[in-house]
Amino acid sequence: MLKKVYGVFCKVEEVTAGVLLAAISGLVFAAAAARTAGAPINWAMDVSLLLFAWEVFLGGDIAIRSRKLVNVDMFVLRFPQKIQKALSLIFAFIILIFLLILVRYGIPLCIESIKRTFQTLPISYAWCTLAVPFSAIFMLISQTIIIVEDIKKPAGQWGRQITNSN
C-alpha cells in the first residue's frame, strides 16, 4: 500500500515538474515577446522566479530518486566492488546530512521571509523559500530509500570494474 502511494506521489511530482518547466518557458517567452512589442509583463519575472525555485528543488528529488545526480566515478570504478559500495554509502550519508541541514536552516529562512513580498506580486516571498525545506524532506525520503536498497544489495552486484587494457 505504501509503495503504491509513494509511486503515485512520484508520478505527481514528475508531472508537476514538467508543468512548471513548461510554464516557466512559456512565461519567459511571452514576457520577452511582450517587451519587444513595447508592452512588458512586469510580473512575469517574479512568477518565473517562484516557479523556478520549486522546479529546481522538485527536480532535485527526481534526480536523487532516479540516481541521476552528477557524479565523477572515473576513480571509484577502479576500486573493488566492496570499496565501491562503501564509498557510495559514505557519499549517500553525506548527501543525507546536507539535506538535513537544508531542512534545519530552510525552515527559519522561510519564517524570516514571511513579511517580504515579491516586487510585483502581492504574495509572500516565503512561498519561494518554502521550496527549500519542503523539497529537502522529499529528497530525504528518496535518499533514505536509496540507502536502504544499497545496503541490501550484495557487493558482488555493485557497480562495474574498469580494467586497464593496453
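Values as computed for the structure displayed
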{"quantity": "So Ile24, is it touching a residue at least 24 places away in the same chain (Cβ under 8 Å) and over 22 Å from Thr144 (Cα atoms)", "calculated": "yes"}
{"quantity": "Criterion (more than 18 Å from Trp127 (Cβ to Cβ) and not small (Gly, Ala, Ser)) met by exactly one of Glu14, Glu55", "calculated": "Glu14"}
{"quantity": "Given (1) more than 21 Å from Trp158 (Cα to Cα); (2) free of Cβ contacts under 8 Å to residues at least 60 places away in the same chain; (3) of a type in the set (Gly, Ala, Ser), index of the condition Ala53 fails", "calculated": "(2)"}
{"quantity": "Any hit, the range 44-63, residues being more than 23 Å from Arg116 (Cβ to Cβ), among the hydrophobic types (A, V, I, L, M, F, W, C) and at pLDDT below 90", "calculated": "no"}
{"quantity": "Qualifying positions in the range 82-137 - touching a Pro at 6+ places or on another chain (Cβ under 9 Å) and basic (Lys, Arg)", "calculated": "Lys85, Arg104"}
{"quantity": "Residues of the range 55-75 satisfying the condition of being in a helix (DSSP H, G or I) and under 22 Å from Thr144 (Cβ atoms)", "calculated": "Val56, Phe57, Leu58, Gly59, Gly60, Asp61, Ile62, Ala63, Ile64, Arg65"}
{"quantity": "Residues that are among the small types (Gly, Ala, Ser) and free of Cβ contacts under 8 Å to residues at least 40 places away in the same chain, drawn from the range 59-116", "calculated": "Ala63, Ser66, Ala86, Gly106, Ser113"}
{"quantity": "Residue in the range 136-155 that is at pLDDT 90 or above, within 26 Å of Met45 (Cα to Cα) and in contact with a Cys (Cβ under 7 Å, 6 or more places away or on another chain) present", "calculated": "no"}
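The values are calculated or read from the model by the stated rules, or taken from the named source; none is laboratory data. Everything numeric here is computed off the predicted structure, so don't read it as measured data. Every residue, glycine among them, receives a Cβ derived from its backbone with ideal geometry; neighbour counts consider all protein chains shown.
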